[in-house]
1. Can you tell me which of (1) surrounded by 10 or more Cβ atoms within 10 Å (Cβ to Cβ); (2) within 12 Å of the chain's Cα centre (by Cα); (3) charged (D, E, K, R) is the one residue 52 doesn't meet?
2. Which of (1) on the phi < 0 side of the Ramachandran plot; (2) at pLDDT 95 or above; (3) not hydrophobic (A, V, I, L, M, F, W, C) does residue 15 not meet, given it meets every other one?
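The values are calculated or read from the model by the stated rules, or taken from the named source; none is laboratory data. All figures in this text were calculated on a predicted structure; none of them were measured in a lab. Here Cβ is always computed from backbone atoms with ideal geometry, including for glycine, and neighbour counts include all displayed protein chains.
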Amino acid sequence: MDAQEWLTAFADRLGLDALPQEDIDALLDLASVAAHTSERLAAPLTCYLVGRSGISPTEAKAIGEGIATNS
(Lines give C-alpha, C1' and ligand atoms only; values in the text may rest on other atoms or scores of the structure.)
Protein backbone atom coordinates (compact mmCIF):
# COMPACT_ATOMS: atom_id res chain seq x y z
CA MET A 1 0.00 0.00 0.00
CA ASP A 2 1.45 3.37 -0.94
CA ALA A 3 0.83 6.65 0.89
CA GLN A 4 -2.02 7.74 -1.40
CA GLU A 5 -3.82 4.43 -0.93
CA TRP A 6 -3.35 4.64 2.84
CA LEU A 7 -4.63 8.22 3.00
CA THR A 8 -7.64 7.34 0.86
CA ALA A 9 -8.49 4.32 3.03
CA PHE A 10 -8.04 6.35 6.23
CA ALA A 11 -10.21 9.19 4.94
CA ASP A 12 -12.88 6.66 3.94
CA ARG A 13 -12.88 5.13 7.42
CA LEU A 14 -13.30 8.61 8.88
CA GLY A 15 -16.23 9.26 6.54
CA LEU A 16 -14.28 11.92 4.63
CA ASP A 17 -13.43 12.51 0.99
CA ALA A 18 -9.88 11.77 -0.08
CA LEU A 19 -7.47 14.71 0.17
CA PRO A 20 -6.98 16.67 -3.04
CA GLN A 21 -3.36 16.82 -4.20
CA GLU A 22 -3.28 20.59 -3.54
CA ASP A 23 -4.08 19.97 0.14
CA ILE A 24 -1.52 17.19 0.39
CA ASP A 25 1.16 19.45 -1.05
CA ALA A 26 0.25 22.35 1.27
CA LEU A 27 0.23 20.11 4.37
CA LEU A 28 3.58 18.56 3.45
CA ASP A 29 5.07 22.01 2.90
CA LEU A 30 3.64 23.20 6.23
CA ALA A 31 4.99 20.12 8.02
CA SER A 32 8.41 20.83 6.55
CA VAL A 33 8.32 24.46 7.72
CA ALA A 34 7.21 23.39 11.21
CA ALA A 35 9.90 20.73 11.50
CA HIS A 36 12.71 22.93 10.22
CA THR A 37 11.70 26.04 12.17
CA SER A 38 11.17 24.15 15.43
CA GLU A 39 11.50 20.44 16.20
CA ARG A 40 10.41 17.45 14.14
CA LEU A 41 7.54 16.71 16.51
CA ALA A 42 5.99 20.06 15.54
CA ALA A 43 5.20 18.76 12.04
CA PRO A 44 2.44 16.22 12.76
CA LEU A 45 1.01 18.25 15.63
CA THR A 46 0.84 21.36 13.44
CA CYS A 47 -1.10 19.38 10.84
CA TYR A 48 -3.42 18.10 13.58
CA LEU A 49 -4.10 21.70 14.63
CA VAL A 50 -4.94 22.58 11.03
CA GLY A 51 -7.56 19.85 11.03
CA ARG A 52 -9.04 21.07 14.28
CA SER A 53 -9.07 24.69 13.15
CA GLY A 54 -11.12 24.12 10.02
CA ILE A 55 -8.96 26.40 7.87
CA SER A 56 -7.63 25.23 4.54
CA PRO A 57 -4.17 23.71 4.28
CA THR A 58 -3.19 26.57 1.97
CA GLU A 59 -4.21 29.16 4.57
CA ALA A 60 -2.38 27.20 7.27
CA LYS A 61 0.75 27.03 5.11
CA ALA A 62 0.73 30.82 4.78
CA ILE A 63 0.42 31.18 8.57
CA GLY A 64 3.27 28.74 9.12
CA GLU A 65 5.48 30.52 6.63
CA GLY A 66 4.71 33.80 8.41
CA ILE A 67 5.80 32.34 11.72
CA ALA A 68 8.98 30.97 10.15
CA THR A 69 9.97 34.31 8.63
CA ASN A 70 9.28 36.21 11.85
CA SER A 71 11.32 33.92 14.09
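1. (1)
2. Unmet condition: (1).
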